[in-house]
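Please treat every number below as a calculation from the coordinates, not as lab data. All figures in this text were calculated on a predicted structure; none of them were measured in a lab. All Cβ positions, glycine included, derive from the backbone under ideal geometry; neighbour counts span all protein chains shown.
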Amino acid sequence: MNQPHRVLPLALGLLLVAGLAGSLLQPYEVYLISLWAVYTISALGLNLTLGFAGQISLAQASFVGFGAYATALLLPHGVPFGVTLVIGAAISFILGILLGFPALRVQGHYLAFVTLALATIAFLVFRNESWLTHGTSGIDKIARPFPFTSGVAYMWLCLGSLALVTLGVWWLLRSPWGRAFLALRENPVRAASLGIDVRTYTLLAFAIGAALGGVSGALFAPLGQYIEPSEFALPLSFSLLLMVVVGGSGTFMGPFLGAIVSVALPEVLRSLQDYYLLIYGIIVILLLVFSPDGVVGIIARAVARLRPAAAPVEPTP
Amino acid sequence: MRISTSKLAIGCSLLAVLATAPAAFAAKSVLEIAIPAELSGSGATVGVLWRDGVMMGIEDVNAKGGIRGHKLHGTAYDTQTNPAVSRAVIQKALDGKPFAVLGPVYSGSVIVDEALTQKAGITEIMGGEAGNLTAQGDPTLFRTSLGQAQTIPPLISYLKDTVHAKSVGASYVNDDFGKAGNVLFMADAKKAGLNVTTDISSEAGQVTFQPDLLKMQAAKTDAIFLYDHEEEVARFLKGFRQMGMKAAIVGGSTVADAQAIKLSQGAADGAISFAGIASSSPLPAIQNFVKRFEAKYKTHPDHNAIKGYMAVAMLQAGVDKEGKASAKGLAAALHGLTITPDKYPLIMTPMKVLANGDIDNGGYLIQVKGGKAVVLKYVGPK
Amino acid sequence: MSLFVQVLISGLAIGAIYALIATGFSLLSQGSQTVNFAQGDFVVVPAFVILAANSYGLPIWASFIVALVVAALVLGILFKRLMVDPILPHGAMQLSIATMALSIVLQNGMLNADGAQAFPFPGINGGMHFGTIFIDWQSVSILLAAVAAVVALNLFMGRTRIGRAIQASAQGPQVARLLGINVARMVTITFVLNAALVTLAALLVSPIYLVKFDNGIGIGLAAFSAAIIGGFNQVRGAVVGGLLLGVVQNFAATFGPTQYRDAVPMLLLIIFILFRPQGLLGRAEERRV
């Protein structure tokens, strides 16, 4: 499941199935599918940083926040949604470069530290600068872009955006850049010895990952039609990391499946009432105990068992 | 074969009961009540009590035969104190076509839910107190307690006319609840000519309040307006007593709340607050509720539990005003309604529902004395 | 001047608690590459155990010992056996994420078991005025206990055979094995040490912070930051990082804009990393325990 050219049809097929299913279901499921698409975009970005460049970012929620606030604040001024989305992504990309450059100067956990600081400060800015962000009372009545005003139409916009992002990431990983990313993931030392500029590629992976966070935020704001600072604090960063790793970090399908676990599993477990989040946590731990490469690994092994001939779905070494 | 007449009579009446019972039940549908609440995450402190209050109200109403013969059924939905999740669960609740929505409490979740319940024409009675919530003109949104715009002005008058404060320090928790209260307080204090010399923001879950207190001390404040959650109030007041500070403590309902009094271990003595109906209110009905709630849930009900309980009474009164249990007409029936405890015991004290969805059921100026909240003054509904 | 001293002392007291938790955090990290995102919740669990034992009539010191035993078993040995041992071979990242899930489990478990409300916790009341400076006994006791714990830990690590074996295992497991050290056992001991540190932290911080199911979020984050400032996996660094964070937080809150009180230590952190990427005390070849 590592080879993007084999899984691209799978990913796009999954989106189509989700969309068709959503069109037949209740508004609740439509909303969840939209939310899944939005989180998947963000997790795909984080997967570039974490899964391919091997760097932990705790600021993905802040990048989502930049995208969400840019859209929520600019839409009422008549700026078209497409433009607000690009602006949000650009802000995140530039901040990613500015933060990543000094942090990646040194090896080790430092990107994690710097992104932790950004996550704290970004939340405080969203909360405190109420002249700009409306502070703790949040921004209400965010309009959805025409003609995607109904729940189902907006779901298709989210799924369509995810499809474009999926194609983009697929192209990226197949390009010479992407091959460098893959080499980086497998063995940074060897990659460096082959003449790959490790730091530049890591920085790019981080900044592109951040930009995808911005894209996801731009879609997030009109989905709930309300945003407030606490939504973009550390807990979201944690749950995005969880999506990537539980799905299978460094695999193409990982973020899609991890986001399903994170969005759908708690909802499915709701019937357990007071204990549903506790059970959710235990299931995630068990998943990590039994499958080192997350949901992707489980599916890959299941497929391999069913079709012993179909070897290529095994994770490549 | 002979059958005794008595046996025959019993048999016939049994048959009659069996035949009519399902019909009697089917005639009156069960009213589904959706309860979105903060059952996990930082809001669980208020959300769990709110849910339990609503559930107890539903049980009490059902025990008396329901509302106009309709039994109530409550379903709780956890918002995880997160607006995005709140949006999902309110959608799930609305897909099930509930009769009414009771909850949530946190502003962000209320704002998200209110947009959807308004569209669906479903009445939503929520536990939020932030001033801005009812300012949006949503005709289907109601409070079940006083809002900040009603509880803060009496405290400003108290600071001005009773304490004669020359220099006031404000300390507030910088979240939706505390910030909204602080904005209102600062604006009204300015209008009243109160001299607020320091305005200190604190974080929910802040470990120590010593820096905040030192700031107050340096500003030589003779009164402190404290607007925070119970645990932080307790931490603040313990530090305040330890440092031997002397300023008058005046604050939101939490400073004289039973939980804050317990947590502060004596440090809350002397604190003044203005609160709507709360567990410390000296009404027999409230005290009876508190006892029953403690016996049932093994925890002390704060004002959130009482709010949830009273919300069920609002449903009762609204349906009676309509004359039938219709979800669409409920909100219109509630506006302008006066609900009295002689007809609706769950309301516990007379409540007036105002045109904007706010309510007025009076409040108390309270002071903590010897670890107990003592009423200084009752202010009835206007 | 007196304001300065006052802010410093209360900052040191809070910092000492961060230091204890961060020290345990660093021990786990260097002993087994475990970045424990549930470390804050690890402080709340023994606090509830102490309260529970106390409610059955045990005095506080005895309740503390009960909590030590429970923590050593559950947060030390069980945590290692059930989570770290099976997941760590899959990768340190997988384990970190699993501890995030563990944090969800612990918080919701405590919420279900003990309710959402905070509980008061017995502490030491009173204090003393030195001129205009007020020193409260709780802060003093926190500082003394934390210093004693850290000194004891250092003596244990430096002067005892087990301590040296732990250090050797952390620095080079292969070499340690060749020297006949039971590395797995040494790692288990670091987990038990961490459990003891968080239990002590629970005893010290709870009188101030109270006991509530989600208290771990705030203290866990502070300890995480302290460990980072201190160089991530150096015990002495964690101690200095914790004290520094407590003091800087207090000064920032007293003299800075209060709305940004949490931002100041973070900004410091960034500047710090720019100029000293190896952490506070870090030198590449320095002894790590």
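So, by mean Cβ neighbours within 10 angstrom, what's the order for B:37-47, A:16-26 with the highest one leading?
Details: B:37-47: 27.2, A:16-26: 14.8.
Ranked from most to least packed, the peptides come out as B:37-47, A:16-26.
Mind checking the angle between helix B:284-297 and chain B's longest principal axis? C-alpha axes, 0 to 90 degrees, to the nearest 10. With both axes taken from Cα atoms, the answer is about 80 degrees. Legend: mean number of C-beta atoms from other chains within 10 angstrom of residue C-beta atoms, peptide A:288-297, equals 4. Residues of the range A:220-263 falling in the label zone of residue A:302, defined by backbone nitrogen less than 11 Å from a point 7 Å along Cα to beta-carbon, are absent.
Working ranking of peptides C:215-221, B:274-280 by packing, defined as the average number of other Cβ atoms within 10 Å per residue, highest first, is B:274-280, C:215-221.
Using DSSP to define loop residues, name the trypsin sites (Lys or Arg not before Pro) in the range A:126-206 whose beta-carbon has at most 15 other beta-carbon atoms within 10 Å. Spell out each step's value before the answer.
Numbers: sites: A:127, A:141, A:174, A:179, A:185, A:190, A:199; in loops: A:141.
Within the range A:126-206, the qualifying trypsin sites (Lys or Arg not before Pro) (loop, at most 15 other Cβ atoms within 10 Å) are A:141.
In degrees from 0 to 90, rounded to the nearest 10, what is the angle of the helix B:83-95 Cα long axis to the longest principal axis of chain B? With rounding to tens, the tilt is 20 degrees.
With Cα atoms defining each centre, the range B:356-382 and the range B:102-155 are spaced 21 Å apart in the structure.
Using every pair of distinct Cα positions in the protein assembly as shown, the Kirkwood expression returns a hydrodynamic radius of 29.8 angstrom. Between residue B:161 and residue B:343, the simple label model (points 7 Å from Cα in the Cβ direction) yields a spacing of 3.3 nm. Whole-Hz Karplus values for the range B:118-130 come out as 4, 4, 7, x, 9, 5, 10, 10, 10, x, x, 10, 4 Hz, taken residue by residue from phi with 6.51 cos²θ - 1.76 cosθ + 1.60 and θ = phi - 60°; glycine and proline positions read x. In summary, the helical segments of chain C meeting the span-like criteria, namely a full DSSP H run, a Cα extent along the axis of 20 angstrom or more and a mean Kyte-Doolittle hydropathy of at least 0.5, are C:2-32, C:39-55, C:92-114, C:137-159, C:183-209, C:235-255.
Using R₀ = 41 Å, calculate the FRET efficiency as 1/(1 + (r/R₀)^6) where r is the Cβ-Cβ separation of residue C:60 and residue C:92; round to 0.05. Intermediate values should be presented prior to the final figure.
On the way: r = 38 Å, r/R0 = 0.92.
Rounded to the nearest 0.05, the efficiency is 0.65.
In this structure, the amide hydrogen of residue B:67, modeled 1.01 Å from its nitrogen in the peptide plane, lies closer than 5 angstrom to those of B:72, counting only residues at least 5 positions away or on a different chain. Let a ≥ b ≥ c be the square roots of the eigenvalues of the Cα gyration tensor of chain C; is it rounded (a/c under 1.5), or, if not, prolate (a/b larger than b/c) or oblate? The shape class here is oblate. Here residue B:335 and residue B:294 are evaluated by their C-beta separation; at R0 = 22 Å the FRET efficiency comes out at 0.05.
Report the equivalent ellipsoid semi-axes for the range A:7-233 in whole Å, largest first, defined as the square roots of five times the eigenvalues of the gyration tensor built from alpha carbon atoms. Working shown, then result.
Values: eigenvalues 181, 106, 32 Å².
The answer is 30, 23, 13 Å, longest axis first.
Annotation: the range C:62-137 has a Kirkwood hydrodynamic radius of 16.1 angstrom, from the mean reciprocal C-alpha pair distance. Fully extending the segment from residue A:24 to residue A:186, taken as 0.36 nm per residue of separation minus the present Cα-Cα distance, adds 54.1 nm. Per residue, the average separation of C-alpha pairs within less than 8 Å and at least 6 apart gives the range A:66-194 a relative contact order of 15 percent.
Hey, fewest Cβ within 10 Å first, where do A:148, C:275, B:99 land in order? Don't jump to the answer; show the numbers that get you there.
On the way: A:148 17, C:275 6, B:99 22.
Ascending number of Cβ neighbours within 10 Å: C:275, A:148, B:99.
Just counting partner chain Cβ atoms within 10 Å, what average do the residues of peptide C:208-220 show around their Cβ? Please list the in-between numbers first.
Details: counts 7, 6, 8, 2, 7, 4, 9, 3, 1, 6, 5, 2, 0.
Going residue by residue through C:208-220 and averaging, the value is 5.
The calculated P(r) of the range B:149-275, using every Cα pair and 10 Å bins from 0, goes 14, 51, 33, 2 in percent. Summarising the label geometry, the points placed 7 Å from Cα in the beta-carbon direction at residue C:175 and residue A:94 lie 4.9 nm from one another.
Quick check on my link table: of B:296/C:212; B:28/B:382; A:141/B:324; B:307/C:212; A:141/B:191; B:179/B:307, which ones sit more than 27 Å apart, alpha carbon to alpha carbon?
Values: B:296/C:212 22 Å; B:28/B:382 38 Å; A:141/B:324 33 Å; B:307/C:212 23 Å; A:141/B:191 31 Å; B:179/B:307 22 Å.
The answer is B:28/B:382; A:141/B:324; A:141/B:191.
If you sort the three axes of the alpha carbon gyration tensor as a ≥ b ≥ c, you get a/c of 1.5 or more for chain B and a/b above b/c, which makes it prolate. The C-alpha atoms of chain B define a longest principal axis, and helix B:230-242 lies at about 30 degrees to it.
Could you work out the mean count of beta carbons from other protein chains within 10 Å of each residue's beta carbon in A:157-164?
On the way: counts 0, 0, 0, 0, 0, 0, 0, 0.
Across the residues of A:157-164, the mean count of other-chain Cβ atoms within 10 Å is 0.
Ranking B:233, C:192 by Cβ neighbours within 10 Å, fewest first, what do you get? Before the final figure, lay out the partial values.
On the way: B:233 31, C:192 17.
In increasing order of surrounding Cβ atoms, one gets C:192, B:233.
The spacing between the range C:1-62 and the range C:92-128, judged by their C-alpha centroids, is 11 Å. Here the Karplus relation 6.51 cos²θ - 1.76 cosθ + 1.60, evaluated at θ = phi - 60°, turns the backbone of the range A:254-271 into coupling constants of x, x, 4, 6, x, 5, 4, 4, 6, 8, 8, 4, x, 5, 5, 7, 3, 5 Hz, with x for every Gly and Pro. Here each label is just a point 7 Å from Cα along the line to Cβ, and for residue B:369 and residue A:6 those points are 8.0 nm apart.
With a 10 Å radius around each residue's Cβ, average the other Cβ atoms per peptide and rank C:55-67, B:219-231, highest first. Display every interim value, and only then the final one.
Numbers: C:55-67: 14.6, B:219-231: 23.5.
Top to bottom by mean Cβ count within 10 Å: B:219-231, C:55-67.
Per residue, the average separation of C-alpha pairs within less than 8 Å and at least 6 apart gives chain C a relative contact order of 36 percent.
As a ratio to 2.2 N^0.38 Å, the alpha-carbon radius of gyration for the range A:183-317 is 1.27. Residues whose amide H falls under 5 Å from that of residue B:77, counting only those 5 or more places apart or on a different chain, are B:35, B:37, with hydrogens built in the peptide plane.
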